[in-house]
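Report on the following structure.
The values are calculated or read from the model by the stated rules, or taken from the named source; none is laboratory data. The structure displayed is predicted, hence computed values, not measured ones. Here the Cβ positions follow ideal geometry from the backbone for every residue, glycine too, while neighbour counts run over all protein chains shown. These accessible areas exclude ligands, DNA and RNA; they are computed on the full protein's heavy atoms, side chains included. Shrake-Rupley method; radii C 1.70, N 1.55, O 1.52, S 1.80 Å.
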Amino acid sequence: QVQLVESGGGLVQAGGSLNLSCAASGLTFSVLNMGWFRQAPGKEREFVASETWSGGLTYYTDSVKGRFTISRDNAKNTVLLQMNSLKPVDTANYFCAARLRGPITKATIADYWGQGTQVTVSS
């Protein structure tokens, strides 16, 4: 059973930066396709970014392109989400997800989920 634990959320002013981290355990990390999603109150969980198991391909939702960067460290079993130029609309609970077969580009195909970490961006 894969366990995912997110960290790094918090309160930041608009224009600021935060780095989220997701630590994985329970399965060989290097075979997992990893992703980040977010969910604001009253809204559906939406895709943010993902990276394939090899690190060769990355995907981003349009609203974060050029501001967020996903990366993975297979030696540390972690996936990171570097978030720059944050905006109030980025405020949400951010979830780490993993999938065994294929990249993650939507919530319905993820195999495993973390508990989430809250990101709040003030104006």
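Before moving on, here are some points about what is shown:
- Residue, nearest to Ala92 (Cα to Cα), within region 52-74, restricted to residues that are modelled with pLDDT of 95 or more and assigned to a strand (DSSP E or B): Phe68
- Every condition in (1) in contact (Cβ under 8 Å) with a residue 12 or more places away in the chain; (2) out of contact with any Gly (no Cβ under 9 Å at 6 or more places or on another chain); (3) aliphatic (A, V, I, L, M); (4) assigned to a loop (DSSP other than H, G, I, E, B) is met by Val89 except one, and the failing one is (4).
- Of everything in region 72-105 that is open to solvent by 40 Å² or more (accessible area, probe 1.4 Å) and among the hydrophobic types (A, V, I, L, M, F, W, C), the residue that is nearest to Gln39 (Cα to Cα) is Val89.
- Taken over region 106-120, the criterion of being farther than 11 Å from Gln39 by Cβ, assigned to a loop (DSSP other than H, G, I, E, B) and not charged (D, E, K, R) is satisfied by Ala110, Gly114, Gln115.
- Just so you know, in region 16-66 the residues that are in contact with a helix residue (DSSP H, G or I) (Cβ under 9 Å, 6 or more places away or on another chain) and of a type in the set (Asp, Glu) include one that is surrounded by the most Cβ atoms within 10 Å (Cβ to Cβ), and it is Glu46.
- Verdict on Thr69 being open to solvent by 60 Å² or more (accessible area, probe 1.4 Å), among the β-branched types (Val, Ile, Thr) and under 13 Å from the mean Cα position of the chain (by Cα): yes
- Test for Gly116: is it closer than 18 Å to Ser25 by Cα, modelled with pLDDT of 95 or more and either aliphatic (A, V, I, L, M) or surrounded by fewer than 19 Cβ atoms within 10 Å (Cβ to Cβ) (or both): yes
- Scan region 1-15 for residues that are open to solvent by less than 70 Å² (accessible area, probe 1.4 Å), more than 15 Å from the chain's Cα centre (by Cα) and aliphatic (A, V, I, L, M) and the total you get is 3.
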